[in-house]
Each structure stands twice: as structure tokens, then as C-alpha cells.
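Here the structure comes first, spelled out in C-alpha cells, and everything after it is commentary.
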Amino acid sequence: DWASLDARPLPAWFDRAKVGVFVHWGVFSVPAWGSEWFWWHWQGQRDAAYERFVRRRFPPGTSYADFAPRFTAHDFQPRQWAQLFRRAGARYVVLTTKHHEGFTNWGSPVSWNWNSVDTGPHRDLVGELGQALRESNLRYGLYHSLMEWFNPLYLADKESGFKTQYFVLKKTLPELYDLVLRYKPDLIWSDGDWEAPDSYWNSTSFLAWLYNDSPVKDTVVVNDRWGLGCSCHHGGFYNCADKYKPGTLPDHKWEMCSSLDKLSWGYRSNMSFTEVMDEMSVIEELVQTVSLGGNYLLNVGPTKEGVIAPIFQERLLALGRWLDTNGEAIYESQPWRVQVENTTDTVWYTSRGPVVYAIFLLWPRDSVLHLSSPIPSPGTQVTMLGFAGTLKWQESPGKGMLITLPYMLPSPLPPQSGWAVKLEGVK
């Protein structure tokens, strides 16, 4: 039952990791337009813009199934992906094994001819990426949608008010067990749960097996999307909602998932530069999330050929460079007694043991950083990550401390975002 499942301690690796990369890849990467919900907008909602798009670009009578052979993954090089994600500073990667379209990125025995081995790439994408990530020493998470929009078994169960479970017993559960036994994931990122209660999905019995008897029972981590009303209440860590920002420190481990393309999780061929998160926004989201005890899962959508767009690579590598300097304030950190400076929302705190890190997102005009929350002592020492030597500081009239930052050369460009000062000997 939920009471006992929720009492399971979260394996420690997840909280320590802090940074992950999410990958949305599937048949929706073929039309590559609108979003990864393409099939639903086109056939489920009969959205005129989607109908027009298909009419203009594909032969008459085209069905969604006709896109699958064009999902080629010709340029998919799992080792290159793994190397990129590692350089981005990610400690775990979550791949869509199956989105709501039902197409599986591995040879699912219960998804005949609607999987990446029988059609399209003719490759086990889940297995290949998993092997490359493990070689790079990254944790592997599998995203899996419980429901499928147009599966006749699911539609029949829905018609019965979810009193029958044909779809769950013949499709959802066999796939979940297969994924776990075959790939031994570190994380299961469940989704597509919201139309039916957890009793329909048999979530508690699956999780009981996962935690007690599966080959990953001691290391596996799951999220909170296991049925209507579970989100933010049951499961492992909480996602609560896409792009969730709690505002204050939650009392439960959580994760914020965000996407570099602000309008979609899957690749869009018509994406414009202004619709991509800039480096500063990425660092800001990461810092705020980690200060509030969360993990940050940043999404990219590869093309149908398996290419991660250069602008996404550039953003990921920028994040990695920032973490090379400032990762000490992020990885394995804990929320401090104060998460954000109350006078401004541009200074955020993390801690590791007695050491406190103040991460400031804007460089102060006079190069003096005013922190009102830490209480210094005569032995307080201040350094800046990525800068040699100690920084001068004095007690601030009132409370807190004034820290003299190193001199930055004048530049016509605003300096990059986010710097961390390390405070030792403060309360």
C-alpha cells in the first residue's frame, strides 16, 4: 500500500546527483512540428493547423503510422550523446522509452511492429544508449507513459470507466517488467497516468515488486506519476507538474523538469532562436532548484536522425563549463537554513556540512556583495569558486557581511551568469 511504499528511503545517489538530462525522442520527431503531442492534436483534437500541416507536407491519406519508417536514427551515435551529457555536468539521463503514442524505442514483445526494432531505425535505442551511458559512468533513467492515446485496449478500458484492465494487463505492466528486467534502470520516470486511478494501473503492486524483488530493488528511484491524484503525494521523488517551481523549501525530495525549447519537449524543425532558453536562464533555474532541495532535469529533443541540434549542444556545454567551476556548490549539496536572500531574488544559498555557498546571479555594481543572512565570526573565511586566494570581507552595519569581490576587467558584454562564494566559519 502507499503508506509502506512511501516510507521507503530514497536511494542516496539521486539527491547527490542534482543534474540530469531528459531526452524526448520518438515517431513525433518525424513530423517535428508543434510538439511531441502531434498525433493527439492532429487526430484526437482535429486541430486545423495540424491537419493543414500534414496535407501540405505528406501524401494524401497519410496516417501517423506512416511516419514510423521515416524515424531512421541514421545519425544516432550513443557514445557521442553520452559524452555530451557528461560534459554538460549531468549525473543521470532519462530517455523516453515510450511516449503517449505507444511506439516503443526497444523491441517490446507486446508492441508488435510499433517499435524501433521492427520498423524505423531497426535498432534497440533504449539498450544502445544505456550501454553508452554506463560506459560513461552515468545513471540511466527510463521515461515510460502508462497510457496510449489511441490503443484500442486502452480506449475500451476508458469506455468502461476503467472497471476493466485489458490494457494494463496486456500492455502497460508487461512493458514495465520487461524494461526493468532487460535494462536494469536506475530510475523509472512514469507519466501518462492522469486519466485513471492508481488501482487501475496496479501501481502499488508493481512498485512493491520493484522495491522488494526486482534486480534494481536497492538502487532504483521513481517519480510520483502513478495514477490520478498521486502526483505530489505518492511515489519516490515528486515532479508535481512539468516545470514545477515550489517557491519555498518542500519537505520532500523533488525534481524540476524543464526543456531547452520553451515550447516543446520533442524536436521542432521550425524552432526559432528566441524560443530556446539562454545560458543565464538555465543556470538560474538550476541554482533556484538546487537551493530549494530539488534536482534539475533539462530536456533536449533530438531529430528523427538522432542528431541533437547544435544550439542544444551549445547550451548543454555552457552549463557544463559553469558546473566545472561552480559544481562544488551544487553536487551533493543540501539546502541551507536560508534558501534565498530576503532582500533580493538573485542570491541563493546551498551548503555542504558547515560550509555555506552563496550563489549570486547578478554581479553587484560596485563589486561589493552584501549578504544579510550569514552570521560571520572572527575566523570567517571567504573564497570565490574559480578564483585563487581569499576575499576581503567586513561585518555589515546592521547585520550580515560585505564581501569585496575580485576586480573584473571592464567588458562591453554583461558577464556570464552566476558566481559562488564559499563561506567558512559562518552561522
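The values are calculated or read from the model by the stated rules, or taken from the named source; none is laboratory data. Please read these numbers as outputs of a predicted model, since none were measured by experiment. Heads up, the Cβs are rebuilt from the backbone with ideal geometry, glycines too, and the neighbour counts pull from every protein chain shown. Just the protein is used for accessible areas: all its heavy atoms, side chains included, with ligands, DNA and RNA removed. Shrake-Rupley method; radii C 1.70, N 1.55, O 1.52, S 1.80 Å.
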Got a sec? What order do 24, 234, 370, 122 fall in by accessible area at 1.4 Å, biggest, i.e. largest, first? 122, 370, 234, 24
Quick one: compute the contact order of the chain, relative version, from alpha carbon pairs under 8 angstrom and 6+ residues apart, as a percent. 17 percent
Protein-only accessible surface order, largest first, of 268, 365, 91 at 1.4 Å: 365, 91, 268
Name the aspartates and glutamates eligible as straight-distance cross-link partners of residue 217: C-alpha to C-alpha under 20 Å, and not fewer than 8 places from it in the same chain. 1, 6, 15, 175, 178, 186
Cα-Cα over 20 Å, subset of 170/304; 171/253; 399/422: 170/304; 171/253
Under a Cβ-Cβ cut-off of 14 Å, what is the net charge of the residues other than residue 368 that fall near it, where Lys and Arg count +1 and Asp and Glu count -1? 0
I want to check the label-to-label distance for residue 80 and residue 219. Put each point 7 Å from Cα in the C-beta direction and report it in nm to one decimal. 2.8 nm
Ranked by accessible surface with a 1.4 Å probe, highest first, in what order do 308, 375 come? 375, 308
Within the P(r) computed for segment 112-237, what percentage of the Cα pairs occupies the region above 26 Å? 24 percent
Mind pulling the angle between the C-alpha long axis of helix 310-326 and the longest principal axis of the chain? Nearest 10 degrees, somewhere in 0 to 90. 40 degrees
Dimensionless Rg/Rh of segment 45-155, both radii on Cα and Rh by Kirkwood, sits at 1.03
Carbon and sulfur atoms: what percent of the 1.4 Å accessible area of the chain do they account for? 53 percent
Extension gain, residue 381 back to residue 241 (0.36 nm per residue minus Cα-Cα distance, nm): 46.4 nm
Compute the separation of the alpha-carbon centres of segment 274-318 and segment 140-166 and state it in Å as a whole number. 31 Å
Kindly report, to the nearest 10 Å², the accessible surface of residue 332 as traced by a 1.4 Å probe over protein heavy atoms only. 90 Å²
Given a 1.4 Å probe, the accessible area of the chain per residue, as a whole number of Å², is 43 Å²
Which log10 I(q)/I(0) values, to two decimals, does segment 219-282 give at q = 0.12 Å⁻¹ under the Debye formula with one point per Cα? -0.42
Rounded to the nearest 10, the angle in degrees between the Cα long axis of helix 279-291 and the longest principal axis of the Cα atoms of the chain comes to 80 degrees
Based on the Kirkwood radius over alpha-carbon pairs, what value in µm²/s does the Stokes-Einstein equation return for the translational diffusion coefficient of the chain at 10 °C and 1.306 mPa s? 69 µm²/s
Within the chain, percent of DSSP bridges classed antiparallel, to nearest 5: 50 percent
Contour minus end-to-end for residue 6 and residue 251, with contour as 0.36 nm per residue of separation and end-to-end as the Cα-Cα distance? 86.8 nm
Residue separation times 0.36 nm, minus the C-alpha to C-alpha distance between residue 273 and residue 311: what's the value? 12.8 nm
Each residue of segment 212-218 in order: what ³J(HN,Hα) in whole Hz does its phi give by Karplus 6.51 cos²θ - 1.76 cosθ + 1.60, θ = phi - 60°, with x for Gly and Pro? 9, 10, 6, x, 10, 4, 8
Give me the angle, in degrees from 0 to 90, between the Cα long axis of helix 125-135 and the longest principal axis of the Cα atoms of the chain, rounded to the nearest 10. 30 degrees
For segment 159-227, the Cα convex hull volume per residue in Å³ comes to 78 Å³
Surrounding net charge for residue 22, when Lys and Arg each add one and Asp and Glu each subtract one, Cβ distance under 15 Å: +1
Note down the nm distance, to one decimal, between modelled labels 7 Å out along Cα→Cβ at residue 404 and at residue 337. 2.9 nm
If Lys and Arg each add +1 and Asp and Glu each add -1, what is the summed charge of the other residues whose beta carbon sits under 12 Å from the beta carbon of residue 333? +1
Could you give the Stokes-Einstein D for segment 330-387 in µm² per second, using the C-alpha Kirkwood radius, 37 °C, 0.692 mPa s? 264 µm²/s
Please state the relative contact order of segment 81-182 as a whole percent: Cα pairs under 8 Å, 6+ residues apart? 29 percent
Could I have the simple spin-label model distance between residue 208 and residue 159, label points 7 Å from Cα toward Cβ, reported in nm to one decimal? 3.2 nm
